[in-house]
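Engineer: Once you've had a glance at the structure underneath, I'll fire off some questions.
The values are calculated or read from the model by the stated rules, or taken from the named source; none is laboratory data. Owing to the predicted nature of the structure, the values given are computational and were not obtained by experimental measurement. No Cβ is skipped: glycine too gets one built from the backbone with ideal geometry, and neighbour counts run over all protein chains shown. Just the protein is used for accessible areas: all its heavy atoms, side chains included, with ligands, DNA and RNA removed. Shrake-Rupley method; radii C 1.70, N 1.55, O 1.52, S 1.80 Å.
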Amino acid sequence: MPNSGNTKTLILAGATGVVGQAVMKLALAHPQVGKVVALTRKPLPPQPKLLDQLIDFDQMPETAPWWENADAVICTLGTTIKIAKTAEAFRRVDLHYPAQLARIASLNGVHTFVLNSAMMANPKARGLYLRTKGEAEKAVVEAGFESVTLARPGLLDGNRSEKRPGEEFGLLVSRIAKPLLPKRMRSVPVENLARIMLECALRARPGVEVLESEVFQSTTLS
């Protein structure tokens, strides 16, 4: 059941990734956020307002104290084929974990879900990546939340812990050609994406809202 007080409790899945780290930093500093429950596999450094909950994503608990009074879930889980090694492992992280998280959150009375997806996500896409992202979106929408936000950024511009040579080259080209590119094709500053995802979680606008990549050229929604 959501909080009835002046501050909100957010559940964050994917707090150790580049987007998740940015969301967590902003959320912990935000006056409207009273608590951030980070679902992680490895412990995080202690911080005020942070409850670090270690879980096995393959056996996500359907009942747990940290679900109580949660207002929104922000899901930034994601990997790459290169890191996952197989299509099955990739789909486990990018589809099955978010879908399971959405199902359990909805069962526990959470009203809002914000998903970090990808530009051109489509459950009918031929390519594995975009099809998987589209299927994850579909699962979240069908979970029955009052408010759903699907964020579809393009190439992310942020400091990743792992090297992605293809992305680094793409970012270099994007930065040089930025004035010539339409907004939708420009790289997305990670902090902009994180700030807008947090904004959507806190305002909890009813219905399903799809945010395309050009939205994240700004630091806030219009």
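Engineer: Quick check for you: with a 1.4 Å probe and neighbouring chains kept, what is the accessible area per residue of region 46-137, in Å²?
Structural biologist: 49 Å²
Engineer: Kindly rank 127-135, 80-88 from highest to lowest mean number of other beta carbons found within 10 Å of each residue.
Structural biologist: Put in order of decreasing packing, that is 127-135, 80-88.
Engineer: Another question about this same structure. Length gain on complete extension for the stretch Arg203 to Leu51, per 0.36 nm per residue less the alpha carbon to alpha carbon distance?
Structural biologist: 52.5 nm
Engineer: Measuring from label point to label point, each 7 Å out along Cα→Cβ, what is the Lys42 to Leu128 span in nm?
Structural biologist: The modelled label-to-label distance comes out at 2.4 nm.
Engineer: Measure up Lys49/Lys133; Lys8/Lys138; Lys8/Lys42; Lys25/Lys49 against 21 Å on the Cα-Cα distance and list the ones that go over.
Structural biologist: Working: Lys49/Lys133 31 Å; Lys8/Lys138 26 Å; Lys8/Lys42 24 Å; Lys25/Lys49 11 Å.
Over 21 Å apart, Cα to Cα: Lys49/Lys133; Lys8/Lys138; Lys8/Lys42.
Engineer: How much length is gained if the chain between Met120 and Asn6 is pulled fully straight, taking 0.36 nm per residue apart and subtracting their Cα-Cα distance, in nm to one decimal?
Structural biologist: Extending this stretch completely gives an extra 37.4 nm.
Engineer: So how far, in whole Å, is the C-alpha centre of region 104-119 from the one of region 72-97?
Structural biologist: First find each Cα centre; the distance between them is then 16 Å.
Engineer: Moving on. Can you compute the modelled spin-label distance between Ala84 and Asp58, with each label point 7 Å from Cα toward Cβ, in nm?
Structural biologist: 1.5 nm
Engineer: Order Leu107, Leu51, Leu193 by their accessible area, 1.4 angstrom probe, all chains in place, largest first.
Structural biologist: Leu107, Leu51, Leu193
Engineer: Please list 3J(HN,Hα) in residue order for region 15-31, calculated via the Karplus relation 6.51 cos²θ - 1.76 cosθ + 1.60 where θ = phi - 60°; whole Hz, with x for glycine and proline.
Structural biologist: These are the phi-based 3J(HN,Hα) values: 5, 8, x, 5, 6, x, 4, 5, 4, 4, 4, 5, 5, 5, 8, 7, x Hz.
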